[in-house]
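The values are calculated or read from the model by the stated rules, or taken from the named source; none is laboratory data. Given the structure is predicted, the values throughout are model-derived calculations rather than measurements. For neighbour counting, all protein chains shown are included, and Cβ atoms are generated from backbone atoms with ideal geometry for every residue, glycine included. Side chains included, ligands, DNA and RNA excluded: accessible areas come from the protein's heavy atoms. Shrake-Rupley method; radii C 1.70, N 1.55, O 1.52, S 1.80 Å.
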Amino acid sequence: VGKRGEGKWRRITWDEAYTEIADRLRTIRASGRPEEFAFQQGRNRSGDIVTRFLNAYGTPSAFNHRALCSSNRRAAILTTIGDSDWDLGDFDNSRYILNFGSNWAEAHQGHIPVAIRMMRAREKGAKIVTFDARLSNTAALSDERFFVKPGTDGLIALAMANVICAEELWDKPWLDTWSNHPADQYAEHVRQYTPERAQAESGVPADAIRR
């Protein structure tokens with residue numbers, strides 16, 4: 001009942017709640033843009049009835065747990081290696097692991113297998129560097145941790161790519177053969193993402209990004 005963010009509330013009846021919901025849904029549908037109504041739920045345990053309702057209403061905008069969780073990961077893995085299922089890295093044989101927000105010590109989808117492989121890597125001397133917005137158990141277990149501003153992880157990675165290209169720390173023939181764009185074209189694209197720009201937006205020191 002107050003301004004947004006004031007935390008002022010008024011208890012209403014179920015009939016009042018249903019009426020308010022129905023009126024808002026009716027207004028959106030009458031506007032001719034039913035897709036502006038988005039339905040969000042947790043894990044989908046009622047697919048049939050929800051799908052029938054959304055189809056009748058005319059919106060494809062349905063989101064559930066997976067939309068906010070593994071769908072993004074699966075899309076990225078499909079794009080890079082052609083498979084959308086498990087992305088279980090060869091951590092056992094890795095020497096330096098950059099971890100962007102993956103919380104494998106607490107709640108990773110591949111929790112136990114990933115944790116086992118990470119610990120085997122540590123036993124062999126691998127270093128783990130975690131970038132996260134909070135001090136998770138994974139960050140605490142890492143050799144280095146950087147607390148980044150939410151949503152800036154990609155910019156940090158692009159700044160690292162900038163340094164790799166600028167200092168020619170790459171396998172250029174491999175990139176020219178297997179990437180979607182020639183290496184020089186990729187280097188030109190990432191030139192704008194300097195470590196200083198990443199530091200300003202993420203909080204991670206430019207020197208650490210270069211290192």
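Numbers below:
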| item | result |
| --- | --- |
| Assigned charges on the beta-carbon of Lys, Arg, Asp, Glu; the chain dipole about Cα centre (debye) | 880 debye |
| Carbon + sulfur, % of accessible area of region 37-156 - ligands and nucleic acids excluded, 1.4 Å | 54 percent |
| Region 166-210 - Debye-derived log10 I(q)/I(0), Cα point model, q = 0.19, 0.25, 0.27, 0.33 Å⁻¹ | -0.67, -0.86, -0.91, -1.09 |
| Solvent exposure ordering (accessible area, 1.4 Å, most first) of W170, W104, W9, W178 | W9, W178, W170, W104 |
| Cα coordinate range in region 1-84, projected on the principal axes (Å, largest first) | 51, 33, 26 |
| Helix-only mean residue ellipticity at 222 nm for the chain, each DSSP H run of n ≥ 4 adding -39500 (n - 2.57), per residue, nearest 500 | -14000 deg cm²/dmol |
| Positive-pole candidate from G58, A121, C69, dipole of the chain, charges at beta carbon | G58 |
| Loop-located trypsin sites (Lys or Arg not before Pro) in region 56-118 whose Cβ has at most 13 other Cβ within 10 Å (DSSP) | R95 |
| Ellipsoid equivalent to region 63-140 - semi-axes via the Cα gyration tensor, in Å | 22, 16, 11 |
| Taking region 86-158 and dividing mean pair separation by its residue count, relative contact order in percent (alpha carbons under 8 Å, at least six apart) | 30 percent |
| Largest to smallest principal axis extent of the C-alpha atoms in region 91-211, angstrom | 39, 33, 24 |
| Cα gyration tensor of the chain - equivalent ellipsoid semi-axes, whole Å, descending | 41, 22, 21 |
| Per residue value of the accessible surface for region 79-211 (all protein chains in place, 1.4 Å probe), Å² | 62 Å² |
